[in-house]
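The values are calculated or read from the model by the stated rules, or taken from the named source; none is laboratory data. These figures come from a predicted structure and were not determined experimentally. Here the Cβ positions follow ideal geometry from the backbone for every residue, glycine too, while neighbour counts run over all protein chains shown.
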Amino acid sequence: MSDSDLEAPDGASPTEAPAAESRHDEDDRLRPEFVRSVVERVQAGDAEGARLLVEPLHPADIADLLELVDRDDRRSLAAALAGLLDGDVLAEMNDWVRDELLEALEPHQVAEIAGELETDDAVAIIEDMEEEDQRAVLRALDPDDRAAIEEALSHPEDSAGRLMRRDVVAVPEHWTVGQVIDFLRADETLATDFFEIFVVDPAHRPVGTCLLSWVLRTPRQVAVADVMQREQTLIPVDMDQEEVALRFQKYALVSAAVVDHAGRLVGMITVDDVVHIIQEEASEDAFLLSGAGIEGDINEPVRDSYKARVRWLITNLATALVSATIILQFGVAIEQMVALAALGPIVASIGGNAGTQTMAVAVRALALNQLTRSNTWRAIWRELRVALLNGFTIALLLGLGAGLVFGDPQLGSVIAAAVLINIVIAGLSGVAVPIILERLGQDPAVASSVFLTMITDSMGFLIFLGLAVASGLVG
């Protein structure tokens, strides 16, 4: 083919030929002026104009658009874009926004959307609905789709059974590569997106896997058993989705077979599903560490956010009273030297920050299964050494600074010692508290920060004021 064959029509250069707009261009369209323009057309009753603006967008960008508009404008915008709100858009949508829009749809409309999706995406839409609405949607589904979704809903929430796709490509190991290719071309009911072909025995148990690239590059007469990879990572149907994500990350998987309790192939999980899991689990841990609840989200109703956060604030208030009680015990000493009141919060604050750093590392290591019973003491010893180095550095700087500012070397020595001890305690607590909670069967991301704050604050004031009295700095 010559270069002239590649020229665009009407003499335009290849780079000037009409083409789908890039994702970067689509992202630019979600600027405030674009969103405002769409909303103004909807408010003016120009639904067709709004659709023309939104139609070129990717489904994920349409989902983002609905999340960006005010809640009061959301339903009217959804009504104007009714023809564009397919399953792909809902699958990409924020959970709170999606639930709000689904409430406005009839069961048969939700069923129609769910029927367009892969089973895992359809389950994600239906599983959070009220039980009565859920039954109504299931009744409106085609029998095959209903059976697949009901089977998925029978598995525990956040398990591989909820996450997996039922449409898999499986072939017997006695087939040749040519038979596999003919099967893929002839069967129009096969899954549209897959990366590998699973090889099964007569009992439908997976015995190997073949990547599509292997099949395409292998002569037709070669037996599947001769080219398949027998070693594969199998996912139990009841495995927690967090553990599924860890396996994909550890073994660099693109897809993996899901098996039931008898070892039979029942579905597959692909890497695009795992990306969502990693994002959800990371967000959940971040929200729990901050006390913002499990599903902290800017689209969450105000009352739900209040309920999720206020209980942790009340807990923090209770732990703060411990520090206040300790300070009251040294009221006479503080009256004699006002500098103690000024410097005490510094000791507590630095200890809290040091502990938070360690806690973040420990919680992440536990979540990624990097911190186990086999290396617990090595992890504690490591964090102790880090705490000692940090403690000596901060103690030296703060001790010299306090001694010079207040003109009292003894005060500098006392606060230096207090900071060193509190940072060491914070470092040990930052790794020990998450480990203890995990051993007790509790989520370390939930309560670690509360206990750590109580320890570093109370110990910071106790050590600093106690050393001040013990050293004779105050009577």
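The figures follow:
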{"item": "Residues that are among the small types (G, A, S) and modelled with pLDDT under 85, drawn from the stretch 361-374", "result": "A365, A367, S374"}
{"item": "Failed condition for L384, given (1) closer than 19 Å to T453 by Cα; (2) at pLDDT below 75", "result": "(2)"}
{"item": "In the stretch 251-262, the residues that are surrounded by 14 or more Cβ atoms within 10 Å (Cβ to Cβ) and small (G, A, S)", "result": "S255, A256, A257"}
{"item": "Meets criteria (touching a helix residue (DSSP H, G or I) at 6+ places or on another chain (Cβ under 9 Å), touching a residue at least 24 places away in the same chain (Cβ under 8 Å), outside any helix (DSSP H, G or I) and within 21 Å of L163 (Cα to Cα)) for L90", "result": "no"}
{"item": "Qualifying positions in the stretch 401-454 - assigned to a helix (DSSP H, G or I) and among the charged types (D, E, K, R)", "result": "E438, R439"}
{"item": "Residue ranges of helices (runs of 4 or more DSSP H) in the stretch 187-283 with at least 1 members under 18 Å from the mean Cα position of the chain (by Cα)", "result": "241-251"}
{"item": "Filter pass, R23 being surrounded by fewer than 18 Cβ atoms within 10 Å (Cβ to Cβ), under 26 Å from L117 (Cβ atoms), at pLDDT 50 or above and of a type in the set (D, E, K, R)", "result": "no"}
{"item": "Single residue of the stretch 358-415 satisfying the filter (under 27 Å from the mean Cα position of the chain (by Cα) and of a type in the set (D, E, K, R)) that is nearest to A339 (Cα to Cα)", "result": "E383"}
